[in-house]
1. Identify the residue in the range 256-270 that is buried (at least 22 other Cβ atoms within 10 Å of the Cβ) and within 17 Å of the chain's Cα centre (by Cα) and, among all such residues, is modelled with the highest pLDDT.
2. Which residues, counting only those in the range 280-293, are within 7 Å of the ligand (Cβ to nearest atom), free of Cβ contacts under 8 Å to residues at least 24 places away in the same chain and in contact with a helix residue (DSSP H, G or I) (Cβ under 6 Å, 6 or more places away or on another chain)?
3. Would you mind listing the strands (runs of 3 or more DSSP E) fully within the range 250-318 where at least 1 residues are farther than 19 Å from E220 by Cβ?
4. Working carefully through the options A49, A30, A84, find the one that is over 21 Å from the mean Cα position of the chain (by Cα) and at pLDDT below 95.
5. For the condition closer than 27 Å to L197 by Cα, of a type outside the set (S, T, N, Q) and surrounded by fewer than 21 Cβ atoms within 10 Å (Cβ to Cβ), what is the one hit in A103, A84, A79, A112?
6. When the range 256-266 is examined, which residues are found to be within 11 Å of the ligand (Cβ to nearest atom) and on the phi < 0 side of the Ramachandran plot?
7. Closer than 30 Å to T75 by Cβ, touching a strand residue (DSSP E or B) at 6+ places or on another chain (Cβ under 8 Å), modelled with pLDDT under 95 and outside any strand (DSSP E or B): is that true of T198 in this structure?
8. Return the residues of the range 101-126 that are more than 9 Å from T75 (Cα to Cα) and not hydrophobic (A, V, I, L, M, F, W, C); say none if nothing qualifies.
Amino acid sequence: MILAVLEHDGNTLKKGALEAVTRARQLKEALGGEVIGLVIGHGLDAVAAEAKKFVDRLYVADDAAFAQYNAEKWTAAAAAAVQASDARVVVASASRTGRTWTARLAARLNAALLEDTLESWAEEGKILAKRYSFLNRVTETQAAALPVVLSVKPNTTPLAEPAGEGSLQPLSVELGDLEARVEVLEVVKEEAKRVSLTEADVVVSGGRGLGSPEAFKQVEELADLLGGAVGATRAVVDAGWRPYAEQVGQTGKTVQPNLYIALGISGAVQHQAGMNKSKYIVAVNKDAEAPIFKITDYGIVGDVNQVLPALIEAVRKR
Ligand code: FAD
């Protein structure tokens, strides 16, 4: 049995959940058994209705105690689902939250942890996985005997499509004294102006070719018009033009949007590693030989400071 723990935002599954399902299905082909899903939270009717379309069976841990994320509670819920299902492999997104509870779960189950993996497969009863190592300078392949907890590096894996209708099963989780250990006193939510970079359908990224931090005002404008997120290269981030959180690439975030617009970006391999799985790639660069053009669907050879305002104008007119 393979357990896929499915992240959601309270209404709908996140991309990371659909990546976890894809990996779980790949392992099911080699290992057999079922893909069992688990959703954790409170008020999960809508999420469960969607999630059951992706798995053979779905556990629903729906309780007021799960209204807010807590690594220890998530670990307890996943452990309960493992016990109920006899799962030998647990797959989840290596999202910010996923990283905190998957490590705990592996320790609790005395299982191997294959963390932040780029791809995974089964061979001779073992699970193998690739991941970056040594500050992302090398890619290593690891092998682990079952049981295994495996986390999926966000935006590395095709998103699963729904396939049928799995059965629903409520899951009761014994939380013991977990409630008492950490008490959340207050939650202040920042009103996010833009969609998150790793979840965005459109990413507009800028490189050193933009010439100045001020030029990013127009990058933001185009991203806002397209309902997308802003990304940047490491050169830009290192220069202090943009925050580190916006860096796309091998040592930054990996993105997989429908549309990636690269403005004044050379397309170094380290940048490509974070965006080359995007569905459509558009680039503007004044150098027709720039490596970015090797992976673009649409390329514009020109001065970004002239092309970008024209792009904004064209999108406004739509
Ligand atoms: P440049 O390489 O300087 O390219 C600027 C481009 O803009 C050029 O192609 C130029 O032709 C074009 N240009 C200039 N003026 C204009 C204009 N007016 N109009 C149109 N085009 C113009 N980089 C990342 O991005 N992400 C990473 O995660 C990352 N990780 C790294 C990890 C390691 C271990 C190492 C060694 C490097 C890493 N890098 C990473 C750095 C990477 O190698 C490149 O140096 C970086 O991506 C270059 O950024 P850039 O394209 O903005 O700048």
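1. Filtering the range 256-270 for residues that are buried (at least 22 other Cβ atoms within 10 Å of the Cβ) and within 17 Å of the chain's Cα centre (by Cα), the one modelled with the highest pLDDT comes out as Y260.
2. none
3. Details: elements: 259-263, 280-285, 298-301.
In the range 250-318, the matching strands (runs of 3 or more DSSP E) lie at 280-285, 298-301.
4. On the way: A49 fails: at pLDDT below 95; A84 fails: at pLDDT below 95.
Checking each option against the conditions leaves just A30.
5. On the way: A84 fails: closer than 27 Å to L197 by Cα; A79 fails: closer than 27 Å to L197 by Cα; A112 fails: closer than 27 Å to L197 by Cα.
From the options A103, A84, A79, A112, the qualifying one is A103.
6. Residues of the range 256-266 that are within 11 Å of the ligand (Cβ to nearest atom), as a first pass: 262-266.
A262, L263, I265, S266, listed by residue number.
7. Numbers: closer than 30 Å to T75 by Cβ: yes; touching a strand residue (DSSP E or B) at 6+ places or on another chain (Cβ under 8 Å): yes; modelled with pLDDT under 95: yes; outside any strand (DSSP E or B): yes.
Considered against the rule, which asks whether it is closer than 30 Å to T75 by Cβ, touching a strand residue (DSSP E or B) at 6+ places or on another chain (Cβ under 8 Å), modelled with pLDDT under 95 and outside any strand (DSSP E or B), T198 comes out as yes.
8. N110, E115, D116, T117, E119, S120, E123, E124, G125, K126
The values are calculated or read from the model by the stated rules, or taken from the named source; none is laboratory data. Not measured: the values here are computed from a predicted model. Backbone-built Cβ (ideal geometry, glycine too); neighbour counts: all protein chains shown.
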